[in-house]
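> Attaching a single structure in structure tokens format; questions to follow.
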Amino acid sequence: MAVGTPWFCANILFIAPEMREYPDALNIREETVMDDGLPTFETVFEDYTVPAGVKLESIPPVVIPVDAYTSETYARAENEKLWGKVWQIACRVEEIPNVGDYVTYEIVDESIIIVRTAPDQIQAFYNVCQHRGRRLMEGCGHAHQFVCKFHGWRWRINGQNVFVNDRKGWGDKMTPEEAKLQSVHCDTWGGWVWINMDPNCEPLLNYLDPAPDLLGPFQLDKMRYRWRQRLIFPCNWKTALEAFDESHHASTTHPQLNKYGVTPYWFCRTHGKHTWHGPAVSTNPGRPGATNSDTPAQSDGPDPRVAIWDSLNTIMVEVNSCTTDTIVNAAKRLIDELPAGTPTNVVLAHLSAAAERDDAARGVIWPKIPPEKMQASGHDWHLFPNSVILHGLTYALCYRARPNGSDPNSCIFETYVIERYPEGQEPKTEWEFVADPMDSRWPRVLQQDFDNMPEVQKGMKSRGFKGARPNPRQEVTVAHFHKTLASYMGLGAPQPFK
Ligand code: FES
Ligand SMILES: [Fe+2]
């Protein structure tokens with residue numbers, strides 16, 4: 001019997017000792033034969049009893065039309081109807097700590113400058129010269145003024161024009177109002193800078209509701225980049241993001257993790273435009289879970305002192321996130337600090353307390369969050385339209401996917417990890433472009449997800465594919481995403497089965 005069911009996908013570790021075990025044959029990536037006398041996949045899942053306290057939300061079966069993934073017309077329409085209307089993450093606040101620091105954020109045909117204009121103020125402008133339209137800035141850096149390289153117009157970092165070449169040529173018509181940079185709505189939450197190009201957009205906190213309330217206690221704004229990587233991927237941005245919008249694929253796509261057990265039900269929650277999915281139980285220190293107060297003691301099976309360390313260490317090696325060095329190091333000591341036979345729940349409580357103490361000793365204070373708020377905070381969030389955030393007490397794994405121009409078959413895909421550090425000890429990081437998805441700098445579990453994404457994109461173009469059929473219980477997140485998307489696009493809503 002397993003120590004529990006440490007389970008994770010793309011960064012999640014869950015230990016659910018009360019969950020029943022599933023046969024090793026769930027390693028179906030290698031073993032697709034189902035006539036070997038073992039239960040069928042369907043039987044395995046249908047036979048499962050949902051743990052107490054977990055309410056499954058389901059939807060009627062739906063089909064998602066493929067145009068959202070494959071149509072150039074749809075992709076062009078997205079530029080106007082979606083990207084021109086939504087709040088989207090442009091960068092982390094930490095990327096522009098000093099007045100004059102700026103980054104440029106590219107979305108489809110737009111480029112936006114995000115600049116710190118005062119110690120407590122960040123502004124955003126369209127990255128375009130008001131003379132003849134030259135793009136002004138590239139990448140990120142520090143500026144006293146923005147200067148156009150074409151004819152030399154200049155602006156203060158607050159967008160006010162200070163030089164027009166041969167202004168007299170326009171007589172009195174080239175007013176400051178004419179020449180200023182065009183501003184974009186900009187706000188911050190969670191340590192991110194968000195922008196919205198819609199002049200009439202709703203306030204950011206309304207848009208994100210209820211995520212700010214539910215995630216607020218985790219103080220994501222206090223976390224700093226640990227690592228950040230991006231690549232251009234040959235699939236639609238939604239195809240990429242949806243690989244992280246559900247963990248229903250985990251037992252198949254990441255079979256090496258089945259040795260820790262399998263979470264048969266990933267249940268979903270919808271919150272406004274946003275969603276999250278999670279397992280029944282999470283007892284990974286620092287990670288919220290749906291229910292984590294009734295984990296029973298377990299006396300049989302492998303030594304939980306070893307198995308918990310092994311699973312956490314595997315997470316660190318294979319995902320490079322969803323835990324921290326502090327937690328893994330504390331887990332390594334379990335074998336020395338606890339007697340043999342210590343029940344799983346006691347081992348976990350000890351680990352959590354030890355890791356919290358170790359962090360406090362180096363100046364990282366864990367936020368105090370009551371269990372009911374931990375549970376309510378959810379798990380693997382999808383903030384509409386294009387960010388996925390898996391949060392913990394001292395860390396979070398995040399994904400962002402966006403179109404690469406208007407090609408529906410290409411996207412910019414980013415993964416980054418943020419973590420709490422002692423003040424002044426934050427690592428210096430930069431965005432790294434790691435073009436090869438099989439480059440060892442991409443954690444192995446992500447490589448496995450990458451392996452699916454372009455193949456899904458290819459498959460969706462087949463005459464033999466009628467549309468995506470998300471699981472009505474475990475992939476509500478995907479269906480809800482397209483429902484919300486359709487409310488912006490005016491088409492593409494999931495359709496009931498005929
Ligand atoms: S296009 Fe920028 S100064 Fe002419
Ligand atoms: Fe995955």
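No lab work stands behind these numbers, since they all come straight from the coordinates. Note that the structure is predicted; figures quoted are calculated from it, not measured. When we count neighbours, we look across all protein chains shown, and the Cβ atoms used for this are built from the backbone with ideal geometry, even at glycine.
> How many percent of Cα pairs in segment 88-200 exceed 23 Å? Walk me through the numbers before you get to the answer.
Details: 1640 of 6328 pairs.
I get 26 percent for the Cα pairs in segment 88-200 exceeding 23 Å.
> If r is the Cβ-Cβ distance from A349 to N206 and R0 is 41 Å, what FRET efficiency results, to the nearest 0.05?
0.60
> Just to confirm the number: angle between the C-alpha axis of helix 476-489 and the first principal axis of the chain, 0 to 90 degrees, nearest 10?
Relative to the chain, helix 476-489 is tipped by roughly 20 degrees.
> Related question: Which three lengths, in whole Å and largest first, does segment 339-458 cover when its Cα atoms are put on their principal axes?
Sorted from largest, the Cα extents of segment 339-458 read 55, 36, 30 Å.
> Here's a follow-up. Which distance in nm do the two modelled labels at Q425 and E177 give, with both placed 7 Å along the Cα-to-Cβ direction?
5.5
> Could you tell me what % of all Cα pairs in the chain have separations over 41 Å?
For the chain, the fraction of Cα-Cα distances above 41 Å is 23 percent.
> Here's another thing I want to ask about it. Stretch H131-R444 to full length: gain in nm at 0.36 nm per residue minus the Cα-Cα span?
Roughly 107.8 nm would be gained on extension.
> Could you list which residues have their amide H under 5 Å from that of G191, counting only those 5 or more apart in sequence or on another chain, with H placed in the peptide plane?
Here D221 satisfy the definition.
> Further question: Would you calculate the convex hull of the Cα atoms in segment 297-366 and tell me its volume per residue in Å³?
On the way: hull volume 5.8 nm³, N = 70.
For segment 297-366, the hull spanned by Cα atoms encloses 82 Å³ per residue.
> If R0 is 35 Å, what FRET efficiency do you get for D166 and A143 from their C-beta distance, rounded to 0.05?
FRET efficiency, D166 to A143: 0.90.
> Here's something else I'd like to know. Once R0 is set to 51 Å, what does the formula 1/(1 + (r/R0)^6) return for the Cβ-Cβ distance between A360 and K466, expressed as a FRET efficiency to the nearest 0.05?
Approximately 0.40, to the nearest 0.05.
> If we count other beta carbons within 10 Å of each Cβ, what is the order of R469, R362, fewest first?
Going from sparsest to densest Cβ surroundings: R362, R469.
> Roughly how many nanometres apart are two label points built 7 Å out from the Cα toward the Cβ at D221 and S487?
Spacing of the two 7 Å Cα→Cβ label points: 2.6 nm.
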